[in-house]
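S.K.: The structure that follows is given in the form of structure tokens.
The values are calculated or read from the model by the stated rules, or taken from the named source; none is laboratory data. This structure is a prediction, so every number in the text was calculated from the model and none was measured. FYI the Cβ positions are ideal-geometry reconstructions off the backbone, even for glycines, and counts take in every protein chain you see. The area values use the complete protein model at the heavy-atom level, side chains included, leaving out ligands, DNA and RNA. Shrake-Rupley method; radii C 1.70, N 1.55, O 1.52, S 1.80 Å.
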Amino acid sequence: MRTTWPDPVVVDRGDPRYADLAGRGINARFSPSPERIRVVATTGQTLRAVQDAVDGGERIAVRSGGHCFESLVDDPAIETVLDVSEMNSVYYDQEFGAFSVGAGTTLGAMYRTLFLGYGVTVPAGRCPGVGVGGHVAGGGGGALSRRHGLSVDHLYGIEAVVADDFGRVRSVVATREESDPHRDLWWAHTGGGGGAFGVVTRYLFRTPGADGAPGTLLPAPPAAVLRRTARWDWADVDEAAFIRLVRNFGAWHERNAGADGPGALLDNSLTLPRTGGGPISLETATDATRPGAQELTEAFLAEVGRGVAARPEVETTTTPWLTAVLTPDEYDGVKGRFKSKAAFLRAGPSAEQAALLHRRLTDTSGYHNPAAAVYLLSHGGAINRVGPRETATAHRDAVLKAYWSVFWWDGREDATHLEWVRGSYREVFADAGGVPDPARGYGGAFINYADADLADPRLGCADVPWHRLYFRDNYAELQRAKARWDPRDVFRHALSVRLPDGAAGR
Ligand SMILES: Cc1cc2nc3c(=O)[nH]c(=O)nc-3n(C[C@H](O)[C@H](O)[C@H](O)COP(=O)(O)OP(=O)(O)OC[C@H]3O[C@@H](n4cnc5c(N)ncnc54)[C@H](O)[C@@H]3O)c2cc1C
């Protein structure tokens, strides 16, 4: 790993670098004010920085890409932010026969180096600015996941800096090898969420069973992406047509939940904006170079659009893969206030749930924000080939992710926007206490789409423990890993795995 400077850099409030570093989080809803930021460029510097923080009794949080939805890093209680964004080298590591990706690397930089150097990739998120630091520990996944699984399904190991019972800090490598005595630390980072066990300094990627030349150790992405988008003007879509579209989308994913059929080759989304926020859009993407790609995407749009009287406007594009994945997300670089909520769905929304969404999206009697939307995103395929206990990501039975997002600028309007998104979520899952309870037919929630409401009994559901949503039956195992690797609870936030009852903590 390269060394940019000899020691961890400490940036305090008077330092001209402070504002840039303290303000790296993407959600303007939070007002971070850490005493200091420690910037580290190597594992050795991370050891020193964490030891100093632990010795000083500082409350710390780790930041990689800054794309957290909640204030897990930007919590005003945090005294020291450890910024790992300079640990960003990507290379083939001979020792492990795996690709080493520094924990501060952005997804875009990882995609670029793995693809240009070796023609391979890790199936990971859609936004190139997301950092691997938080993304991978939360499971990670995106456009190639129905085809190749989640990021953690290709995670061979991690290197992390952890603190023991006595506050002594050390660096550990933990791999998925059955014989590895540190295996539980690797497992905890396959969906247990970032910022809960230690500081990951690098991730090691190699697909299970692969052992050849570097160019064969991870999936090869397609050379080009074929994307087909159907857009319906809201004026042409009445409630019945809306419900039909949502139901068709769900039914298609129920029918194509497996990993082996041609449906697993498609990555799909249905964007349902509020009226005034643009058209309803149905998108599918696949490997443009595969024979039958055109027909597959056409058939998808026809099936999902069936019975919707209005004709959509259809756009088809073919883009080289790297260009496609490096295209910034619409929110990247735009720092506004936002709130997101999400759920895994084991079946498509019911007609009643679709009607509730329709009402929230079209009702202009008390709410006027066009920058609010609900997205249905494809899941399943190869993701569900992995057992719920094999990695810490227990959600291996969902066919869709539902994602609510609301975006605004003015802090005085917080309560209005928060109520819109919370109200919509609560009513859709009313039959399960207002949350997607896995014990009542839903799939739970996604730790990468952090939603602190779920751990707040006033905003979540007092009867459904937040960890059942995020970790389902893997929570007790995660707590054991927590007790072993972070017994002083140095790494903690609103959604971090708690120490088991009876463990001391700090
Ligand atoms: C525009 C956008 C698009 C997204 N798209 C996707 C997607 O397609 N798929 C998906 O799965 N997710 C997606 N996400 C969610 C994203 O994966 C999570 O928000 C993720 O946690 C962000 O990681 P980060 O390092 O950028 O964030 P940060 O805010 O830096 O960190 C997030 C959490 O991880 C912890 N953390 C960070 N680095 C480390 C480290 N080195 N060691 C230990 N803990 C660490 C932090 O302490 C914090 O708790 C998206 C988010 C955004 C904003």
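S.K.: Residues to consider are G134, G117, G140; find the one that is over 25 Å from A288 (Cβ atoms) and at pLDDT 95 or above.
M.R.: Of G134, G117, G140, the one residue that is over 25 Å from A288 (Cβ atoms) and at pLDDT 95 or above is G134.
S.K.: Can you confirm whether R228 is among the charged types (D, E, K, R) and in a strand (DSSP E or B)?
M.R.: Yes; evaluated as a whole, the condition is true for this residue.
S.K.: Does segment 126-135 include one or more residues that are open to solvent by less than 10 Å² (accessible area, probe 1.4 Å) and touching a Leu at 6+ places or on another chain (Cβ under 8 Å)?
M.R.: Yes, segment 126-135 contains a residue that is open to solvent by less than 10 Å² (accessible area, probe 1.4 Å) and touching a Leu at 6+ places or on another chain (Cβ under 8 Å).
For (1) modelled with pLDDT under 95; (2) under 25 Å from Y203 (Cα atoms), each residue gets a yes or a no:
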residue	(1), (2)
D7	yes, yes
P34	no, no
I37	no, yes
V40	no, yes
G44	no, yes
R59	no, yes
Y92	no, yes
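S.K.: Just to be sure I understand the filter: pairs with C-beta atoms under 9 Å, separated by 6 or more residues or on different chains, first member in segment 195-209 and more than 20 Å from C68 (Cβ to Cβ) and hydroxyl-bearing (S, T, Y), second member part of a strand (DSSP E or B) and open to solvent by 10 Å² or more (accessible area, probe 1.4 Å). Which pairs pass?
M.R.: Sorted first by the residue in segment 195-209, then by its partner, the pairs are T207/Y156.
S.K.: Return the residues of segment 476-506 that are open to solvent by 40 Å² or more (accessible area, probe 1.4 Å), among the aliphatic types (A, V, I, L, M) and closer than 21 Å to D453 by Cα; say none if nothing qualifies.
M.R.: Scanning segment 476-506 gives a single hit, A494.
S.K.: Another question about this same structure. Are there any pairs with C-beta distances below 6 angstrom linking a residue in segment 265-284 that is closer than 15 Å to S405 by Cα to a residue that is of a type in the set (S, T, N, Q) and part of a strand (DSSP E or B), with the two at least 6 apart or on different chains, and if so which?
M.R.: Qualifying pairs under 6 Å: T271/S281.
S.K.: What are the residues in segment 103-123 that are open to solvent by less than 10 Å² (accessible area, probe 1.4 Å) and either near the ligand (Cβ under 8 Å from one of its atoms) or hydrophobic (A, V, I, L, M, F, W, C) (or both), if any?
M.R.: Answer for segment 103-123, where residues must be open to solvent by less than 10 Å² (accessible area, probe 1.4 Å) and either near the ligand (Cβ under 8 Å from one of its atoms) or hydrophobic (A, V, I, L, M, F, W, C) (or both): A103, G104, L107, M110, L114, V120, V122.
S.K.: Taking segment 189-222 as the region of interest, how many residues are within 16 Å of A103 (Cα to Cα), touching a helix residue (DSSP H, G or I) at 6+ places or on another chain (Cβ under 8 Å) and of a type in the set (A, V, I, L, M, F, W, C)?
M.R.: 5
S.K.: As an exercise: evaluate R360 against (1) touching a Ser or Thr at 6+ places or on another chain (Cβ under 6 Å); (2) within 16 Å of the ligand (Cβ to nearest atom); (3) closer than 12 Å to W420 by Cα and give the number of the one condition it does not meet.
M.R.: The number of the failed condition is (2).
Every residue, every condition in (1) surrounded by fewer than 20 Cβ atoms within 10 Å (Cβ to Cβ); (2) at pLDDT 95 or above; (3) within 16 Å of D451 (Cα to Cα), yes or no:
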site	(1), (2), (3)
A392	no, yes, no
R396	no, yes, no
W404	no, yes, yes
W408	no, yes, no
G411	yes, yes, no
D414	yes, yes, yes
W420	no, yes, yes
R426	yes, yes, yes
A432	yes, yes, no
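S.K.: Among the residues of segment 458-475, which ones are open to solvent by 10 Å² or more (accessible area, probe 1.4 Å) and on the phi < 0 side of the Ramachandran plot?
M.R.: Residues satisfying the conditions are R458, L459, G460, C461, A462, D463, P465, W466, H467, R468, D473, Y475.
S.K.: Here's a follow-up. Residues being closer than 16 Å to S151 by Cα and either within 12 Å of the ligand (Cβ to nearest atom) or of a type in the set (G, A, S) (or both): count how many of those fall in segment 88-102.
M.R.: 4
S.K.: Residues of segment 124-138 being among the hydrophobic types (A, V, I, L, M, F, W, C), assigned to a loop (DSSP other than H, G, I, E, B) and near the ligand (Cβ under 6 Å from one of its atoms), which ones?
M.R.: Answer for segment 124-138, where residues must be among the hydrophobic types (A, V, I, L, M, F, W, C), assigned to a loop (DSSP other than H, G, I, E, B) and near the ligand (Cβ under 6 Å from one of its atoms): C127, V130.
S.K.: Given the criterion over 30 Å from L418 (Cα atoms) and surrounded by 24 or more Cβ atoms within 10 Å (Cβ to Cβ), identify the matching residue among V54, V50, V62.
M.R.: That would be V50, the only listed residue that is over 30 Å from L418 (Cα atoms) and surrounded by 24 or more Cβ atoms within 10 Å (Cβ to Cβ).
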